[in-house]
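The values are calculated or read from the model by the stated rules, or taken from the named source; none is laboratory data. Everything quoted here is computed from the prediction, not taken from an experiment. We place every Cβ from the backbone using ideal geometry, glycine too, and count neighbours over all the protein chains shown. For accessibility, only protein heavy atoms count, side chains too; no ligands or nucleic acids. Shrake-Rupley method; radii C 1.70, N 1.55, O 1.52, S 1.80 Å.
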Amino acid sequence: MMFAGDITLDPGVLGQLLPMHLRTELSGRVLSMGATFARIAGSRATPDMWLFDLLACELPDGEVEVAPLVGAPVVRLRFRDGRRVGFRGHAVALPDGTALFDLAFDLVDLADLGGARLTASDFPPTDRTLDMLYLMEAKSLAMREALRLVDRLQDARDRAEAAALTDTLTGLQNRRGLDHVLQRTSLGTPFSICQVDLDHFKRVNDSYGHAAGDAVLRAVARRLMRNVRTSDTVARVGGDEFLIILPELTDIAVLDEIALRIVAELERPVVHGGQQCRISASLGIAVSTDYGYPDVKLMIADADAALYRSKSGGRARHTIHARPEQAPAPPGPPGTSRRSARP
Amino acid sequence: MNGVTARALQSFIQTTYGDAVWAAVLADSRVEVPSFELMLNYAPQLTERVLGAAAKHLNRAPDEVLEDLGLFLVSHADMQPLRRLLRFGGVDFAAFVQSMGDLPERARMVLPHATMPPIRPVDEGDGRWAIFCGRRPEGMVHVIRGGIRAMADDYGALATVELGPDEGPNHRLDVTILSDHFSEGRVFDLAAQAE
């Protein structure tokens, strides 16, 4: 074979240089192919076959000419039979009037080399197919390990969150934190429990979105903290439910005053994103001195019942649970305290 | 120490000697983590402490533990993926040895924080190779020695790998290939799915 100038290449040398080549007549008859390409083609390749019987080309339908492929920037070919392994390459015209195609695997068929049992010796050292395979395999290993790490960190975070005593949104104690405080609360000293349930909170969430809702909850937390003593505990025990423990405070007049202040404070609008978010609160209070032996569970249930009375009485108010022996007081105007019997 | 070394030691000890030995090694080395992560970095002193505790528990010299670690990383069934990556180095054992200079860069391509010493193989003819290996990270030459021995088995070659006298800033490993096709070796298909 003569190239421009005076280089003669033996087909065997050509095969060594380009093991993934195909040489055809311009008519399309296949003259020779590189050993690696022949191994990939396997029984699909037969002597003297036509290029377009072996490979389909992304050309307008019915096009079976080699000539338009020669010199094209990229030629894409695909086996017609068996697995439709894809190749990309280019074709050049040789001085003897033949066309020389040099091909490489399409990316999708590279990972398993088109199903052909090739070995490293099938690729010349200039061909980085092996490095690609190495990198693909190494990358998926590293990715798997990274994803496992993310899973483990996520797990650890979930566990830490479950074990946490603080509500991440408001910084108040959460239910677990409250349980810890209650365990530490000496039942020997008197204390009060105040349940706080926000009124119209759902409306804020629905009208202005969850970000506004979160802003309101944070404001509520701040205002509750500001209106109790540092020795008191404020916990967020539900979405819009809070519980306050007030140690050594059983004076009804003081409790009334605190409750009124809390309702008034929480009724001040919270500005979020230019919106004025308005809520109120219903409170229910239970006092340990009303019990022969203060049972925290019972006190919380009673505070809940008192809270329910505040709600059904028109919201935006507080109710102090009555001693069992006391008769319920007549209802006062909204916002003032009233006493309720245990339901 | 990076997580690669730490994690490798952990896998080796847990798999070969069991969780109880690993727990004892951890306790001895006063390491606060229950498990090392491949992707994370740890303080450099941690490896030495873990290695020291492991050597004590296994009643071996630290160098021997590291060489066994190298063997384990290449030959254990759980380590197939790593062994596969190494097999991309060459078509036979001699080609693999010749390509060892690329190993540190190949490792970095996968795990940017992987630290391997520079490696330079020199063909001394008649199947003899001198492999020069940097001193840092310390002890790595023993891991590499174990790894080369295991790769010889993998390729089915019969070879000896001896620690030679240090040369300048490098350790020296003397590899002698007695037979390139001593046994069948293990199958290696380029395409992972085919295996």
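Here are some notes:
- Only one of A:Arg144, A:Arg159 that is more than 19 Å from B:Ala107 (Cα to Cα) and within 26 Å of the chain's Cα centre (by Cα): A:Arg159
- When the test is whether a residue is open to solvent by less than 40 Å² (accessible area, probe 1.4 Å), more than 25 Å from A:Thr24 (Cα to Cα) and at the interface with chain B (Cβ under 9 Å from one of its Cβ atoms), A:Leu113 does not pass it.
- Taken over the range A:270-319, the residue count meeting the criterion of being open to solvent by 50 Å² or more (accessible area, probe 1.4 Å) and in contact with a Lys or Arg (Cβ under 8 Å, 6 or more places away or on another chain) is 1.
Yes or no, residue by residue, for (1) farther than 21 Å from A:Glu137 by Cβ; (2) at pLDDT 85 or above:
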| residue | (1), (2) |
| --- | --- |
| B:Arg87 | no, no |
| B:Pro121 | yes, yes |
| B:Arg128 | yes, yes |
| B:Cys133 | yes, yes |
| B:Pro137 | yes, no |
| B:Gly147 | no, yes |
| B:Leu158 | yes, yes |
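- Checking each residue in the range A:231-280 for being of a type in the set (S, T, N, Q) and touching a helix residue (DSSP H, G or I) at 6+ places or on another chain (Cβ under 8 Å) picks out A:Thr233, A:Thr250, A:Gln275, A:Ser280.
- Within the range A:114-153, tally of residues that are without any contact (Cβ under 8 Å) to a residue 12 or more places away in the chain and part of a helix (DSSP H, G or I): 23
- Residue in the range B:20-32 that is open to solvent by 70 Å² or more (accessible area, probe 1.4 Å), among the basic types (Lys, Arg) and at positive phi present: yes
- Here A:Tyr134 clears all of (1) more than 25 Å from the chain's Cα centre (by Cα); (2) more than 10 Å from every other protein chain (Cβ to nearest Cβ) except the condition numbered (2).
- Selection count where residues are open to solvent by 20 Å² or more (accessible area, probe 1.4 Å) and in contact (Cβ under 8 Å) with a residue 12 or more places away in the chain, scope the range B:86-98: 6
- Within the range A:36-77, the set of residues being under 25 Å from A:Thr126 (Cα atoms) and open to solvent by 70 Å² or more (accessible area, probe 1.4 Å) comprises A:Arg39, A:Pro73, A:Val74, A:Arg76.
- Total residues in the range A:24-46, condition in contact (Cβ under 8 Å) with a residue 24 or more places away in the chain and under 10 Å from A:Asp102 (Cβ atoms): 1
- For the range B:148-161, residues that are open to solvent by 50 Å² or more (accessible area, probe 1.4 Å) and either in contact (Cβ under 8 Å) with a residue 40 or more places away in the chain or part of a helix (DSSP H, G or I) (or both) total 2.
- Annotation: B:Ala95 fulfils all but one of (1) part of a helix (DSSP H, G or I); (2) within 22 Å of B:Ala8 (Cα to Cα); (3) not charged (D, E, K, R); the unmet one is (2).
- Of the criteria (1) in contact with a Pro (Cβ under 9 Å, 6 or more places away or on another chain); (2) of a type in the set (S, T, N, Q); (3) not assigned by TED's automatic domain parsing to the domain that holds A:Ile300, which one A:Gln154 fails: (1)
- Residue within the range B:17-27 that is outside any loop (DSSP other than H, G, I, E, B), more than 14 Å from every other protein chain (Cβ to nearest Cβ), within 17 Å of the chain's Cα centre (by Cα) and among the hydroxyl-bearing types (Ser, Thr, Tyr) present: no
- Sole residue being open to solvent by 40 Å² or more (accessible area, probe 1.4 Å), more than 14 Å from every other protein chain (Cβ to nearest Cβ) and in a loop (DSSP other than H, G, I, E, B), chosen from B:Arg136, B:Arg145: B:Arg136
- Of the residues making up the range A:281-306, those that are farther than 12 Å from A:Ser192 by Cα, of a type outside the set (D, E, K, R) and assigned to a helix (DSSP H, G or I) are A:Leu298, A:Ala301, A:Ala305, A:Ala306.
- Filtered by the rule that a residue be in a loop (DSSP other than H, G, I, E, B) and open to solvent by less than 10 Å² (accessible area, probe 1.4 Å), the range A:21-30 gives a lone residue, A:Gly28.
- Here the condition is being in a loop (DSSP other than H, G, I, E, B) and more than 14 Å from chain A (Cβ to nearest Cβ); of B:Pro117, B:Pro112, it holds for B:Pro117 alone.
- B:Gln80 vs. criteria surrounded by fewer than 15 Cβ atoms within 10 Å (Cβ to Cβ), of a type in the set (S, T, N, Q) and within 14 Å of another protein chain (Cβ to nearest Cβ): yes
- Candidate set from the range B:63-77 (those that are modelled with pLDDT under 90 and open to solvent by 50 Å² or more (accessible area, probe 1.4 Å)); member that is farthest from the chain's Cα centre (by Cα): B:Ala77
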